[in-house]
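Q: One structure coming up, written as structure tokens, with questions to follow.
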Amino acid sequence: MLATPLITLSRDSDTDSDVEQVVRLVAEHDVVEVVVGLPRTLADRHGAAADAAVAYADRLRDRLGDVAVRLADERLSTVSATRMLSDRGIKGRKQRAVVDQAAAVEILQGWLDARASRGRTNEPGAKGP
């Protein structure tokens, strides 16, 4: 599976309108799982930004009911996305406009790849780590 961008939402901490937009998108696209980036530090610590991400994921869980909400490590996703965009010749203002979306794709693709890898090691006869 390949992650592809759909839309970039701006966080609205005042009214949570972005949460409502996610709820609508989940229903519209028959989403079965939502992945929220977890911004841990390079030292693998859980700071204020991670606390905010966990709280956001909890709000989504409350609104989405049966749809699973997962947290995925997002360390270095912006660095990776910036490098990928630069390699494709996208720089400056054009890069700033899409770097968050590209980072979100990096986070989701990493999560999908890890899930697929776990699935292969759980298959009968497969050797695990």
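The values are calculated or read from the model by the stated rules, or taken from the named source; none is laboratory data. Everything numeric in this text was worked out from a predicted model, so none of it was measured. Quick reminder, even Gly has a Cβ in these numbers, built from the backbone with ideal geometry, and neighbours come from all protein chains shown.
Q: Please give the number of the condition residue 105 fails out of (1) closer than 17 Å to residue 3 by Cα; (2) surrounded by fewer than 17 Cβ atoms within 10 Å (Cβ to Cβ).
A: (2)
Q: Given the condition part of a helix (DSSP H, G or I) and out of contact with any His (no Cβ under 9 Å at 6 or more places or on another chain), answer yes or no: does some residue in the range 28-43 qualify? Lay out the reasoning, then the answer.
A: First, the residues of the range 28-43 that are part of a helix (DSSP H, G or I): 28.
Pick out the ones that are also out of contact with any His (no Cβ under 9 Å at 6 or more places or on another chain) and you get 28.
Yes, that holds for at least one residue.
Q: Taking the stated definitions as given, is residue 4 exposed (fewer than 13 other Cβ atoms within 10 Å of the Cβ), out of contact with any Gly (no Cβ under 6 Å at 6 or more places or on another chain) and without any contact (Cβ under 8 Å) to a residue 40 or more places away in the chain? Before the answer, list the steps.
A: On the way: exposed (fewer than 13 other Cβ atoms within 10 Å of the Cβ): yes; out of contact with any Gly (no Cβ under 6 Å at 6 or more places or on another chain): yes; without any contact (Cβ under 8 Å) to a residue 40 or more places away in the chain: no.
The answer is no for residue 4.
Q: Which numbered condition in (1) in contact with a strand residue (DSSP E or B) (Cβ under 7 Å, 6 or more places away or on another chain); (2) not assigned by TED's automatic domain parsing to the domain that holds residue 26 is the only one that residue 60 fails?
A: Single failed check for residue 60: (2).
Q: Can you name the residue in the range 81-102 that is among the small types (Gly, Ala, Ser) and part of a helix (DSSP H, G or I) and is also nearest to residue 2 (Cα to Cα) among such residues? Write out each step before concluding.
A: Step one: list which residues in the range 81-102 are among the small types (Gly, Ala, Ser), which gives 81, 86, 89, 92, 97, 102.
Add one more test, that the residue is part of a helix (DSSP H, G or I), and what stays is 81, 86, 92, 97, 102.
On the way: 81: 15, 86: 21, 92: 26, 97: 22, 102: 13 Å.
The residue in question is 102.
Q: Okay, moving on. Suppose we filter the range 12-27 for residues that are under 22 Å from residue 65 (Cβ atoms) and part of a loop (DSSP other than H, G, I, E, B); how many remain?
A: From the range 12-27, those under 22 Å from residue 65 (Cβ atoms) are 12, 15-27; that's our starting set.
From what is left, the residues that are part of a loop (DSSP other than H, G, I, E, B) are 12, 15-16.
Number of matching residues: 3.
Q: Of all residues in the range 54-79, count the ones that are small (Gly, Ala, Ser) and closer than 18 Å to residue 20 by Cβ.
A: Within the range 54-79, the first condition is being small (Gly, Ala, Ser), and the residues that meet it are 55, 57, 65, 68, 72, 77.
Narrowing further to those that are closer than 18 Å to residue 20 by Cβ: 55, 57, 65.
Going through the range 54-79 one residue at a time, the tally reaches 3.
Q: Across the range 43-76, which residue is nearest to residue 105 (Cα to Cα) among those that are without any contact (Cβ under 8 Å) to a residue 40 or more places away in the chain and among the β-branched types (Val, Ile, Thr)?
A: 69
Q: Only one of (1) at pLDDT 85 or above; (2) within 18 Å of the chain's Cα centre (by Cα); (3) part of a loop (DSSP other than H, G, I, E, B); (4) not hydroxyl-bearing (Ser, Thr, Tyr) is not met by residue 2, so which one is it?
A: Checking residue 2 against (1) at pLDDT 85 or above; (2) within 18 Å of the chain's Cα centre (by Cα); (3) part of a loop (DSSP other than H, G, I, E, B); (4) not hydroxyl-bearing (Ser, Thr, Tyr), the one that fails is (1).
Q: For residue 40, only one of the following conditions fails: (1) closer than 19 Å to residue 4 by Cβ; (2) touching a residue at least 24 places away in the same chain (Cβ under 8 Å); (3) touching a helix residue (DSSP H, G or I) at 6+ places or on another chain (Cβ under 6 Å). What is its number?
A: (1)
Q: Among the residues of the range 58-80, what is the count of those that are at pLDDT 80 or above and either in a helix (DSSP H, G or I) or over 28 Å from residue 28 (Cβ atoms) (or both)? Spell out the reasoning first.
A: If we filter the range 58-80 for residues that are at pLDDT 80 or above, which is where we start, we get 58-74, 80.
Then keep just the ones that are either in a helix (DSSP H, G or I) or over 28 Å from residue 28 (Cβ atoms) (or both); that gives 58-64, 80.
The number of residues fulfilling the criteria is 8.
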